[in-house]
Amino acid sequence: MTLLQSGITKSLAVDYDIDNSLRFNYTDSSYLTRTFASAGDRESWTWSCWGKKGDIDKSLYFWATDYSDADNYMNFKFRASHATESKNYVAEIVWRISATSYVLATTRKFRDPGAWMHVCLVCDTPDAVAANRLRLYINGEEVTAWDTDDRSNISQNDDLPINRAGRHDVGGWNSGNACSGYLAE
């Protein structure tokens, strides 16, 4: 896939491939999915990638768990525009446990479809401090300004829905919420 260029003498018309990268195109609804037969560690994990929105008005889903259990799921995305909501273009983690939804949403907006960002989400539910149980880093800096912060509802040693047995998606969610953007390791 052609994405970026390197070298001082290159022009904007020249591009090159990035190994281990993915392009998600909203119009063809393609994304990755994998079903795990058994659960992994649901208390402590880290997810990291380079990401870039492709279309300002489409979401970029980094990952999501299967929505077939509508009472228990989790997803992580850069949100698209939704009418006049204040949460337009934010980074948002949504998790639902036993039919109760929780949100961690930034105040910072992510509107530049030309900007590559390093994104790192860290889960550590054994941590004694509730605010440390789910942390987000953008370009190496921890996000500390939140529009919505429901991390106090994560009890110590809770299992979150990610890494459970079942389907997990990358670049989309729930067989119809495809995204527009790029992901690379």
Item to check | Simple Cβ-charge dipole of segment 60-185, Lys/Arg +1 and Asp/Glu -1, about Cα centre, in debye nearest 20 | outcome: 300 debye
Checklist entry - How many nm separate the modelled label positions at Glu142 and Arg34, each set 7 Å beyond the Cα in the direction of the Cβ? => result 2.9 nm
Checklist outcome for this item: Spelling it out for Leu134: with amide H atoms placed in the peptide plane at 1.01 Å from N, the residues 5 or more places away or on another chain with amide H under 5 Å from its amide H are Asp124
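Work out the P(r) tail for segment 92-134: percent of alpha carbon pairs separated by more than 12 Å, whole number.
74 percent
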Checklist entry - Over the C-alpha atoms of segment 24-73, what are the Rg and the largest Cα-to-Cα span, Dmax, in Å? => result 13.6, 36
Checklist outcome for this item: Over all viewing directions the Cα convex hull of segment 31-143 casts an average projected area in nm² of 8.0 nm²
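Estimate the FRET efficiency between Asn157 and Asn25 by the formula 1/(1 + (r/R0)^6), using the beta-carbon distance for r and 35 Å for R0, to the nearest 0.05.
My answer for the efficiency is 0.30.
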Checklist outcome for this item: Per-residue accessible area, 1.4 Å probe, largest first, puts Glu142, Glu92, Glu43, Glu185 in the order Glu185, Glu142, Glu43, Glu92
Checklist outcome for this item: In terms of the charge dipole of segment 28-185, which places +1 on Lys and Arg and -1 on Asp and Glu at the beta carbon, the residue among Trp95, Ala130, Trp146 farthest towards the positive end is Trp146
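The values are calculated or read from the model by the stated rules, or taken from the named source; none is laboratory data. What you see is a predicted model; the values in this text were computed from it and never measured. Using ideal geometry, Cβ is built from the backbone for each residue, glycine included, and neighbour counts are taken over all protein chains shown. For accessibility, only protein heavy atoms count, side chains too; no ligands or nucleic acids. Shrake-Rupley method; radii C 1.70, N 1.55, O 1.52, S 1.80 Å.
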